[in-house]
DNA sequence: TTGAAAGCGGTACCAA
DNA sequence: TTGGTACCGCTTTCAA
């Protein structure tokens with residue numbers, strides 16, 4: 001079935017080594033032979049078996065990406081951006097989704113390690129560090145995306161989430177809102193950072209809100225819109241009603257908006273909304289959504305480039321943190 | 001660094017073979033030895049090197065998925081569904097995007113073949129058959145998703161697109177529209193099928209529309225919303241203005257809706273819109289979008305199951321076509 | 001029930 | 001410039 005180096009060697013009456021060297025542009029092969037070999041390779045549509053090559057070189061030209069939810073455009077955009085950069089260097093990317101389940105995530109990581117990927121990208125839903133130790137044991141470089149873990153010195157690419165929360169809340173204050181609520185989610189660092197930023201903005205402007213104004217929706221992103229909807233419903237039963245809600249991400253904001261509109265209230269007249277992520281299509285929504293752009297394209301691109309750099313240097317350099325600048329995108333959901 | 005079978009064998013003072021067999025539950029190993037081996041494997045967190053295993057068994061436990069646009073929820077939902085099924089059988093999935101570029105697609109396929117994936121899933125942007133012959137040469141099973149190629153006898157999973165087009169157009173007729181336009185895209189089978197269905201519905205109801213009512217937006221899905229917008233703008237300059245537009249997919253419909261609203265016209269009062277795909281979040285849009293659901297979850301799931309079945313049977317069974325039932329989802333964009 | 005040898009398809013290293 | 005040999009980590013086959 002598949003053509004092997006041996007076949008070509010026999011076919012051409014040279015040794016297997018000649019083929020191997022010609023293929024990789026080894027310097028010590030004559031121009032004539034190389035041409036002849038390459039021509040035959042082309043004709044027979046030969047492709048070296050990467051598994052065999054990996055076995056001896058230790059490089060698989062395979063990287064792994066683990067995201068909490070592949071359908072969330074934030075992550076699929078990151079995946080896409082990473083892919084684009086890696087493709088140019090002939091790397092392939094195994095993409096898996098953990099469905100926001102730490103245990104599943106760990107399984108996937110183990111599976112990828114068994115495959116000896118050259119590098120791992122992880123938007124982790126984990127809180128324990130143990131799994132990462134295992135990655136380090138294998139000396140596989142890895143890069144955390146979007147979410148970081150306290151106490152873990154690892155490569156990280158994301159935004160300054162405290163800044164994100166501050167920016168969003170400040171914007172709401174500046175358009176005159178005072179009863180600003182927040183919908184967050186537990187555990188993951190971006191949500192925690194954004195909550196902290198929200199708090200700082202309120203404090204800085206001397207605004208106090210009822211304790212019930214901070215709600216934490218269950219779990220992670222996987223069903224952000226559905227749980228965002230439910231939590232917003234709860235928020236709508238509180239008096240005084242908030243006049244603004246800052247949501248920790250766009251899908252949650254989407255669900256919240258739906259809940260508000262369902263009740264017959266108006267956005268932004270009655271309640272203004274800010275999301276996070278500037279997910280694709282968020283300007284096509286029922287009410288176009290004001291959001292904090294995290295430039296996910298850039299996150300993916302920078303991550304991929306960092307990965308390639310890590311593989312270049314023989315010794316593992318010490319972990320690098322890249323923080324991208326968040327950017328406020330104002331749309332109708334906060335427009336007067 | 002990584003623990004190998006040899007290490008465990010030495011550690012336990014048995015032969016490498018004992019480990020290998022214990023690991024795979026080979027019958028001829030004593031219960032005691034097996035237990036002892038498995039325990040140590042657990043402790044050392046040993047994972048067999050899949051590349052090495054692949055080299056000898058010829059099975060990589062790796063499959064490949066090529067889609068035109070990973071950020072398009074239609075495809076990321078399919079990817080997710082495939083992943084879920086495969087994960088249970090310990091397969092990994094390499095996911096790549098062709099960006100609607102046939103040449104890039106071919107490169108990606110070649111790369112995946114070099115990796116000797118066990119099976120390929122392709123939502124192809126190709127029109128030539130040559131690339132598929134190459135897959136067949138390697139005897140790698142493959143499954144076409146969503147888009148099929150005329151003249152290629154291959155496994156296919158998707159919907160009956162002619163039916164989709166018919167259904168959508170019939171719905172517009174039934175709500176009283178007569179000046180029904182269509183925005184399609186060239187080359188790919190779903191778009192062609194839907195156009196045919198559109199034509200049949202008009203014919204069946206004795207409706208004639210100006211030739212200019214059928215517009216083909218450039219290229220594929222990658223920027224459906226942007227090109228949908230542009231093409232709709234053109235459509236809006238035609239007189240008499242259409243009172244309905246059937247778009248070949250949701251992103252295109254999104255762009256078209258934006259163009260209509262920008263002009264100050266109302267949806268559905270002035271122009272009703274139907275899309276295709278029932279992409280996630282399409283009920284949260286400016287005007288919730290009537291669409292034809294293709295059940296992409298099911299496409300992915302069926303595809304993955306078929307793949308596993310193909311790998312089970314020793315001889316390549318003859319190509320199978322699975323057509324899922326399309327389903328009309330009525331929302332505000334066609335509501336009176 | 002256990003183990004030794006051969007080999008999967010390549011590459012590294014060294015000899016001719 | 002070319003080619004032989006060992007070996008990457010594992011499985012298959014067969015002998016002990």
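Where a number appears in this text, it was derived from the coordinates with a stated rule and is not lab data. None of the values given here were measured: they were computed from a predicted structure. Every residue, glycine among them, receives a Cβ derived from its backbone with ideal geometry; neighbour counts consider all protein chains shown.
General remarks:
- Once the Cα atoms are used to define both axes, helix B:102-114 deviates from the longest principal axis of chain B by about 10 degrees.
- Nearest-0.05 FRET efficiency for residue A:110 and residue A:262, computed from C-beta distance (R0 41 Å): 0.45
- The angle between the Cα long axis of helix A:161-174 and the main principal axis of chain A comes to about 30°, on a 0 to 90 degree scale.
- Compared with the dominant principal axis of the Cα atoms in chain A, helix A:224-235 is inclined by about 10°.
- Cα gyration tensor category, rounded, prolate or oblate, for the range A:156-197 with a/c compared to 1.5: oblate
- Springs between Cα atoms under 10 Å define the GNM used for chain B, and in it the highest mean-square fluctuation of B:267, B:322, B:19 occurs at B:19.
- Listed residues A:153, A:201, A:168, most fluctuating in chain A (Gaussian network, C-alpha, under 10 Å): A:153
- Counting beta carbons within 10 Å around each of B:235, A:55 and listing the fewest first gives the order A:55, B:235.
- Between copies, the label points at residue B:176 (set 7 angstrom from Cα along Cα-to-Cβ) are spaced 4.0 nm, reported in nanometres from shortest to longest.
- Among A:276, A:284, A:296, the largest mean-square fluctuation in a Gaussian network model of chain A (Cα springs under 10 Å) belongs to A:284.
- Label point of residue A:48 (7 Å along Cα→beta-carbon): distances to the other copies' equivalent points are 2.6 nm, sorted ascending.
- Cα centroid separation - the range A:180-203 against the range B:151-207, whole Å: 48 Å
- The Kirkwood radius of the protein assembly as shown, taken over pairs of alpha-carbon atoms, gives through the Stokes-Einstein law at 10 °C and 1.306 mPa s a diffusion coefficient of 58 µm² s⁻¹.
- Globularity index of chain B, i.e. its alpha-carbon radius of gyration over 2.2 N^0.38 Å: 1.25
- The shape of the range A:163-288 comes out rounded: with a ≥ b ≥ c from the C-alpha gyration tensor, a/c is under 1.5.
- Gyration tensor verdict on the range A:66-152 (Cα atoms; rounded if a/c is under 1.5, prolate if a/b is larger than b/c, oblate otherwise): oblate
- Sorted by Cβ neighbour density within 10 Å, fewest at the top, the residues B:88, A:162, A:297: B:88, A:297, A:162
- Placing a pseudo-label 7 Å from each Cα along the Cα-to-Cβ vector at residue A:208 and residue B:237 gives an inter-label distance of 6.2 nm.
- Between residue A:90 and residue A:305, the simple label model (points 7 Å from Cα in the Cβ direction) yields a spacing of 2.3 nm.
- Rounded Å value of the spacing that divides the Cα centres of the range B:67-118 and the range A:246-261: 31 Å
- Between residue A:196 and residue B:129, the simple label model (points 7 Å from Cα in the Cβ direction) yields a spacing of 6.2 nm.
- Residue-averaged 222 nm ellipticity for the protein assembly as shown, from DSSP H runs of 4+ at -39500 (n - 2.57), nearest 500: -13500 deg cm²/dmol
- Exam field: residue B:153 pseudo-label spacings to other copies (7 Å along Cα-Cβ), nanometres: 6.3
- Coarse-grained scattering of the range A:17-82 at q = 0.16, 0.17, 0.20, 0.25 Å⁻¹, given as base-10 log I(q)/I(0) from a Debye sum over alpha-carbon atoms: -0.71, -0.74, -0.84, -1.04
- Residues A:37, B:245 arranged by fewest to most Cβ contacts within 10 Å: A:37, B:245
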